[in-house]
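Q: Structure provided below as structure tokens; questions to follow.
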Amino acid sequence: YRNEARIFLGCVAKIKTLEFVEKYLTERNINYSVDRRPNYNCFTVRFATLKFLFNRTHLYDENKTKTVYPDFMNLPREKTANILRGLIETDGSIGEKEISLSSTSLSIIENARYMLLRLGALASGYSKPNDIGKEHTMKNGRKITSRKLPYVLRINRIKDITDFFELAPKGEHF
């Protein structure tokens, strides 16, 4: 595509996210293609941007750091929960006692915490300075090294969030 955007989904476990993206693009008559790479355990969705009003400035700030676009910070409850769902699905996990979100973008962590407060969920966070320079092995065997300070947001389990995840472990809601 001449003017294109791409979405990279780094894990086959994100099939539901891929299905959502395909449905979203199809409903809006936006041409797209999906490159499935089983050896790399990932998908790339490419699509034309002419009819798509969502662009890089909605995802990154002027320092090229991931962020949540300011216009998205005060959306209705359901849409706010969907943004949080996407963040947790891509960079988080749901346990029996809590939900966690990890990111090297402090802005994402702060934005998520604000949206959670709007939903009535409490969260606390911390940074992991000892993880800078640490090497991690991905499920596909590829090794990556952390170059930025990672932040973790610990979130009390709330029904508005856990209901999005069919495979979430059963546990107490707060």
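Q: HN-Hα J couplings of segment 64-69 from phi, Karplus 6.51/-1.76/1.60, θ = phi - 60°, integer Hz, Gly and Pro as x?
A: 6, 9, 4, 8, 9, 4
Q: Round to a whole number: what % of the accessible area of segment 60-122 belongs to carbon and sulfur, probe 1.4 Å? Don't skip to the end; give the middle numbers.
A: Details: 1770 of 3590 Å².
Percent of accessible area from carbon and sulfur atoms in segment 60-122: 49.
Q: So, one more: Mind listing the phi-derived Karplus ³J(HN,Hα) values for segment 78-86, rounded to whole Hz, using 6.51, -1.76 and 1.60 with θ = phi - 60°, and x for any glycine or proline?
A: Working through the residues one at a time gives 5, 5, 4, 4, 5, 5, 4, 4, x Hz.
The values are calculated or read from the model by the stated rules, or taken from the named source; none is laboratory data. Computed from a predicted model, the values in this text were never measured in an experiment. When the accessible area is computed, the model is the full protein with side chains, heavy atoms only, and any ligands, DNA or RNA have been set aside. Shrake-Rupley method; radii C 1.70, N 1.55, O 1.52, S 1.80 Å.
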